[in-house]
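Below: one structure, written as structure tokens.
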Amino acid sequence: MTAPTLDATVPQERRLVTEVPGPASRSLMARKLSAVAAGVGTTMPVFAARAGGGIVVDVDGNQLIDLGSGIAVTTVGASAPRVVEAVQEQVAAFTHTCFMVTPYEGYVAVAEALNRLTPGDHAKRTALFNSGAEAVENAVKIARSHTGRQAVVVFDHAYHGRTNLTMAMTAKNMPYKHGFGPFAGEVYRAPLSYPYRDGGTDGVVAALQAIDVIEKQVGAANLAAVVIEPIQGEGGFIEPAAGFLPALATWCRDNGVVFVADEVQTGFARTGDMFACDREGVVPDLIVTAKGIAGGLPLSAVTGRAEVMDAAHVGGLGGTYGGNPLACAAALAAIETIEAEDLVARAREIEAVLLDRLRRIEARDARIGDIRGRGAMVAVELVHAGTDVPDPELAKAVATAAHRQGVIVLTCGTHGNVLRFLPPLSISDELLHDAFDVLAATFEVTR
């Protein structure tokens with residue numbers, strides 16, 4: 001594969017020059033606490049000054065290995081050269097006109113690229129928005145317009161966003177929903193295939209169980225859309241057993257229900273395919289994308305079958321900033337980077353490194369209950385040794401210890417007991433091995 005292009009101004013090595021957090025970060029954190037709303041939390045008490053490739057440099061000069069990619073956003077690497085250049089050119093031309101007032105080519109070009117890249121060879125249309133949650137809401141609007149129905153089905157452990165409708169669709173209460181109700185109605189929850197915790201139930205059998213719940217509690221005649229993450233993100237990187245997604249998609253097609261794939265976290269080469277649905281040949285009616293779409297700029301999209309996407313009336317879709325020209329320029333550059341550097345293949349190489357290193361840790365640590373995921377989207381579920389009881393305290397302890405040694409690691413899961421690894425696809429094997437040397441030592445000291 002083509003060697004990734006990196007920001008040469010940021011050396012690709014972990015380096016600690018102060019404790020983490022250092023004095024400059026601690027000073028900024030004091031300012032943050034006095035100026036920023038308390039509800040806006042941070043994973044690490046470290047402030048970024050620069051970032052490039054797989055390294056984040058903090059304000060104290062510490063260089064941290066990034067295994068989070070800003071929650072799967074900087075998939076092509078932080079400050080990816082093509083993205084930087086494209087945004088610089090666009091910002092010099094114009095920053096905003098609003099596509100709904102005076103449109104511009106960048107929006108159309110992004111729509112054309114997404115229509116080409118997303119699963120299926122049918123006629124497609126795309127609409128652009130700002131965030132993943134906003135795109136999920138618009139997918140529901142489109143499905144309701146197309147079907148004339150109201151109900152929406154989501155799944156156990158799902159995460160779809162922080163807006164009112166997407167909070168209703170999200171499963172986890174704290175911190176996403178607690179105290180923020182009442183939530184939007186006509187949202188129903190079905191059981192998900194969760195191989196580690198359902199005894200390895202066959203995917204088709206698990207789908208039939210979910211469909212039985214849907215038919216009894218909602219009824220296909222009332223259902224506008226089934227919305228599912230092909231691999232769950234915040235819910236714990238849960239990958240349904242093989243056959244689960246195709247069986248659901250078939251049932252939706254047979255019953256006139258819009259099948260919506262929420263690929264906000266899984267899209268754009270992250271899972272070793274351009275989209276996670278590709279692995280089983282699932283073709284959703286609508287696919288929702290964001291995060292890795294634009295190399296760090298805010299952009300999201302709903303792409304899908306032309307007859308479904310065109311159901312909404314003129315003026316029914318849009319938003320002042322949706323498809324902002326800077327974000328569109330970044331998206332085209334990010335897509336070019338993914339294709340030119342074959343980052344789909346690179347994601348699979350990263351998967352091999354991550355799984356090998358995690359299995360070595362698992363071989364000597366009974367607190368690792370499960371290793372799962374694909375591509376550069378891999379996780380470990382931590383439990384109390386000899387049981388399947390979640391151990392969120394261990395996940396927090398490992399992540400915190402890794403942070404102090406200059407490795408950015410995120411947690412997730414309904415119980416908070418999952419460590420997730422989302423490195424940028426431009427990261428080197430050397431950085432990955434250094435990071436996992438730190439993690440292996442961290443597991444040892446937390447026994």
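A short reminder: the numbers here are calculations on the coordinates, not readings from a lab. All values derive from a computational prediction rather than experimental measurement. Positions of Cβ are backbone-derived with ideal geometry, glycine not excepted, and every protein chain shown enters the neighbour counts.
For the reader, a short list of remarks on this structure follows.
- Cα Rg, Dmax, segment 301-446, angstrom units: 19.8, 60
- Value at 222 nm in deg cm²/dmol, rounded to 500, when DSSP H runs of n ≥ 4 in the chain each add -39,500 (n - 2.57): -11500 deg cm²/dmol
- Take every pair of alpha-carbon atoms less than 8 Å apart whose residues are at least six positions apart; their mean separation over the length of segment 1-152 yields a relative contact order of 19 percent.
- Relative contact order (percent, whole number), segment 84-340, Cα cutoff 8 Å, 6+ residue spacing: 30
- For the peptides 403-414, 30-41, the ranking by packing is 403-414, 30-41, with the highest mean count of neighbouring Cβ atoms within 10 Å listed first.
- Rg and Dmax, both from the Cα atoms of segment 91-238 and both in Å, are 18.0, 57.
- Projecting the Cα atoms of 255, 184, 152 onto the charge dipole of segment 84-340 (Cβ charges, centred on the Cα centre) puts 184 farthest toward the positive pole.
- For the chain, the Kirkwood hydrodynamic radius comes to 22.4 Å, computed from all pairs of different C-alpha atoms.
- The separation of segment 374-447 from segment 182-246, counted between C-alpha centres, amounts to 27 Å.
- Highest mean packing first, where packing is the average number of other Cβ atoms within 10 Å per residue, the peptides 187-200, 46-59, 293-306 line up as 293-306, 46-59, 187-200.
- All other residues whose Cβ lies under 12 angstrom from that of residue 267 are scored, Lys and Arg at +1 and Asp and Glu at -1, for a net of -3.
- Looking at segment 84-340 alone, DSSP beta bridges between its own residues are antiparallel in about 40 percent of cases.
- Test item: Cα-centred dipole of the chain, Lys/Arg +1 and Asp/Glu -1 on Cβ, debye: 1020
- Comparing 316, 206, 72 along the charge dipole axis of the chain, the residue lying farthest to the positive side is 316, per the Cβ-charge model.
- GNM top mover of 100, 274, 167 - the chain, alpha-carbon springs below 10 Å: 100
- On a per residue basis, the convex hull of the C-alpha atoms belonging to segment 155-314 measures out at 136 Å³.
- Relative contact order (%) - criterion: Cα under 8 Å, at least six apart; region: the chain: 22
- A straight line joining the Cα centroids of segment 62-92 and segment 318-372 runs 13 Å.
- In the distance distribution for segment 15-151, Cα-Cα pairs more than 17 Å apart total 76 percent.
- Rounded to 5, the percent of DSSP beta bridges in the chain classed as antiparallel: 65
- Helical segments meeting 20 Å axial Cα length and Kyte-Doolittle -0.5 threshold in the chain (DSSP H): 132-147, 203-217, 325-340, 343-362, 429-445
- Per-selection Kirkwood Rh - segment 22-83 (Cα, Å, 1 d.p.): 12.7
- Fraction of antiparallel bridges per DSSP, segment 222-336 only, in percent to nearest 5: 35
- Dividing the convex hull volume of the alpha-carbon atoms in segment 394-447 by its residue count gives 66 Å³ per residue.
- Among 351, 19, 339, residue whose mean-square fluctuation peaks in a GNM of the chain (springs only between Cα atoms under 10 Å): 19
- Considering only 153, 213, 282, the mean-square fluctuation computed in a Gaussian network model of the chain, springs between alpha carbons under 10 angstrom, is largest for 213.
- Per-residue Cβ neighbour counts within 10 Å put 74, 320 in the sequence 320, 74, beginning with the fewest.
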